[in-house]
1. Taking the range B:102-145 only, how many residues are surrounded by fewer than 23 Cβ atoms within 10 Å (Cβ to Cβ) and of a type in the set (Val, Ile, Thr)?
2. Of the residues in the range A:130-148, how many are of a type in the set (Gly, Ala, Ser) and within 11 Å of A:Phe88 (Cβ to Cβ)?
3. Taking the range A:104-119, which residues are over 22 Å from A:Ser75 (Cα atoms) and not small (Gly, Ala, Ser)?
4. Considering the range A:71-102 alone, what residues qualify as being at the interface with chain B (Cβ under 10 Å from one of its Cβ atoms) and within 20 Å of A:Asp166 (Cβ to Cβ)?
5. Checking the condition more than 8 Å from chain B (Cβ to nearest Cβ) and surrounded by fewer than 24 Cβ atoms within 10 Å (Cβ to Cβ), which residue from A:Thr147, A:Thr105 passes?
6. Name every residue in the range B:40-74 that is on the phi > 0 side of the Ramachandran plot and at pLDDT below 95, in order of residue number.
7. Report whether or not A:Gly127 is in a loop (DSSP other than H, G, I, E, B), at the interface with chain B (Cβ under 8 Å from one of its Cβ atoms) and in contact with a strand residue (DSSP E or B) (Cβ under 6 Å, 6 or more places away or on another chain).
8. Would the range A:110-122 turn up any residue that is more than 7 Å from chain B (Cβ to nearest Cβ), among the small types (Gly, Ala, Ser), in contact with a strand residue (DSSP E or B) (Cβ under 9 Å, 6 or more places away or on another chain) and in a loop (DSSP other than H, G, I, E, B)?
Amino acid sequence: MPRVHRLRIGLTLGMALLISPLLASCGASSDEGSAAANVEASASDMADSLVITDGWVKAATDGMTGVFGVLENQSTELVVLEGAEGSFGHMFELHETVPGASGSTMMQAMDGALEIPASASHELVPGGDHIMVMDLTGPLISGDEVTVSLLFADQSRLEVPLVIKDYAGAQEVYVPDEDK
Amino acid sequence: MEESRTTMDRRSLFRVGAIAAGGAGLGWSAAALTADSTTAQKPVARGGATPTPVEVMPQTAAAARTVPFYGANQAGISTPAQAEISLIGLDLGPEVDRAGLARLMRLLSDDASRLAQGKPALADTEPELALSPAGLTITFGFGPRICSWLGAEAAVEPLPDFETDRLDEAWGQTDLAIQICADDPLTIAHARRMLLKDCRSYATVRWIQDGYRRALATDNGSAMRNLMGQVDETVNPSEADPNFAGLIWRDSPGYRGGTTMVVRRIRTELDTWDEVDRPGREAAVGRKLDTGAPLTGEKETDEADFDAVDEVGLPIIDPASHIARARHLSAEERFRRRSYNYTIADASQSTGEDSGMLFIAFCADASKQFVPVQQRLAEMDRLNLWVTTIGSAIYTVPPGVSEGGVIAADLLGV
């Protein structure tokens, strides 16, 4: 919760919205053309360094859901993803999944940001790292599209279109707060 | 890949526990919250639950074979028939409108394009099963109720009632048909499951019609044989035919490259067919059982001579035989057949099975090309003693789309 607040404040302080030139091609294949364009722009900011493919969000009528996709850092610099936001939910958190009791898995908020080293990829997947969305503003209907904004440590942001998919997994089961 | 998945360094900028998030008023179960808290402190590999699948064994050429999903026409029509089919008939939910169908087609087109390339669908829960495309094609058709949503150029008329039909609505007309063909049954099963998961919010399955031809490994390229033992689909336009495009593809500006799919489930009465000896079987069809040649010829590809008579002046090919009745009387009475044998259990039959042919035909205009032929067969065909059509449906099949496109998206106006 504090992290989300911090990011919201950061945005309201007048940060320039650096919309990635890749916006239109996000969610499609990361073909050579867009990859090359992206590398060229990599000096500017983290958002320009990252190519997202196969972005999707689990359909839900209300409550919470998860955002998934493949994050590929095409630059020679570290990319640090700190959070996300979008009009379809009130709270967005980076979550990770850890082993739970009796072989199950449970999720918890990440301790920090998600770092994607130069030229590395990171998958956000059900049962693994993902962006959790809480308090949906309305139903997410399969086949529709919504946009999530990824927020980076250098204050840049990337708008990513997400396909809404029916999915039975990615059920949100939590570990209790270890600091409690 | 594994390496790149574990690179995130744990840093403690903020410690945001699940309970803190829970303070926002979200409800999850008390059971989850009482789980062993020590598990949270164990080191874990990040994001590692669903790795990108890796083929661990080298693939055979047959497993790796792909048929492009994108193109001017949908795949699975001019494509030489693969070994197996699963044809799914679905009805849209009462609340599903054009926009809803467009959303569904966006999901299904994306699934089909990925699976046809041997890649997992988006959010594929069994990605390894997608890695052997085995010539997979996925073809989408829409029933007459839906055609009006696509515009006048997409229209198809319901098939007329044929006198010999004994239709069971269980195999009847549906809103949507998805034809899945491949040379590997597991590939088909996976594709079907993936597609149906995306259909779940929009449509319900009325029927699944599975069928088979020769397995790829034993197919020598000759025409198929049906369960009655006959060589089938001998006279069948293929892309090599100069008239193919005109026969199969629609040419109206808004629907160029679309076509019509006729689906007929034709039961064969194998118990009574068993009573017929070879001369009677050959006479009923008008072809020899061994070579498939017409009774007046030597090779399968020989033209049948319907005027030829024997030494006592009787026609060698019975005018009531199947090929005499089914032959096209005009150049336009031709269509592309892509049929499969089917078998399901049926304890009420002495054979223990309900077997027959899942007859599938593609043509630009079924009313001019298919219906006249079927009318003649319904009027008279010696084969009718042993075959009964129990399911019948017709679908308009929209044109193909270019890379990244969605089948019927422009027609649905969304």
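The values are calculated or read from the model by the stated rules, or taken from the named source; none is laboratory data. A quick note: this is a predicted structure, and the numbers were derived from the prediction, not measured. Ideal geometry is used to build each Cβ from the backbone, glycine not excepted, and the neighbour counts take in all protein chains shown.
1. 1
2. Count: 1.
3. A:Thr105, A:Met106, A:Met107, A:Gln108, A:Met110, A:Asp111
4. Those that are at the interface with chain B (Cβ under 10 Å from one of its Cβ atoms) and within 20 Å of A:Asp166 (Cβ to Cβ): none in the range A:71-102.
5. Answer to the check: A:Thr147.
6. Within the range B:40-74, B:Gly47 is the sole residue that qualifies.
7. Yes: the conditions hold for A:Gly127.
8. There is at least one residue in the range A:110-122 that is more than 7 Å from chain B (Cβ to nearest Cβ), among the small types (Gly, Ala, Ser), in contact with a strand residue (DSSP E or B) (Cβ under 9 Å, 6 or more places away or on another chain) and in a loop (DSSP other than H, G, I, E, B).
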